[in-house]
């Protein structure tokens, strides 16, 4: 997993993001869990414009609210909650043996990338402005009445070339007749 493979991270200037990627690249799982969770927490709060909430269960509500907003599937939601719980165990008890599951880190990075690349309407002087065309958007509608922008994330595009698709993991051309990439084995069966 490389930072430059995720569009949202290419222009993100953040010390927390730098630390998260540092530990991912060093393959230090426990530090990567802690730092990617911190980054998720910060970016999810900004994306949702979440109020200051220090009540018990805020992190659970943050994951649930973001999941609802981005329409995440159950697998991603479960992975985010597993990462949250694992991070709490590591912070409270220290080393957690036999919990190394890099697919949790991959999921949070994918969700963060979605957060960083999903546009949201802007508000100027009480008016809602479309982030795509800049027109004033009537609040009565779920999408911009000028250009149709809705803010709903679109599924990632795969690049096809003559019956082959580029692998999401390694970028090599992958024969669509196979369930896994014939170059790197993605999706790795042991990551579930």
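The values are calculated or read from the model by the stated rules, or taken from the named source; none is laboratory data. Because the structure is a prediction, the values reported are computed rather than measured. Cβ: placed from backbone, ideal geometry, glycine included. Neighbour counts: every protein chain shown.
A few notes on this one:
- Residue within the range 123-130 that is at pLDDT 85 or above and either closer than 23 Å to residue 44 by Cβ or not assigned by TED's automatic domain parsing to the domain that holds residue 47 (or both) present: no
- Test: residue 55 is surrounded by fewer than 18 Cβ atoms within 10 Å (Cβ to Cβ), in a helix (DSSP H, G or I) and at pLDDT below 90: no
- Restricting attention to the range 4-29, the residues that are surrounded by 16 or more Cβ atoms within 10 Å (Cβ to Cβ) and modelled with pLDDT under 90 add up to 4.
- Residue 76 under 22 Å from residue 119 (Cβ atoms), exposed (fewer than 15 other Cβ atoms within 10 Å of the Cβ) and either at pLDDT below 90 or under 12 Å from the mean Cα position of the chain (by Cα) (or both): no
- Residues (in contact (Cβ under 8 Å) with a residue 40 or more places away in the chain and in a helix (DSSP H, G or I)) located in the range 70-94: 70, 80, 83, 84, 86, 87, 90, 91
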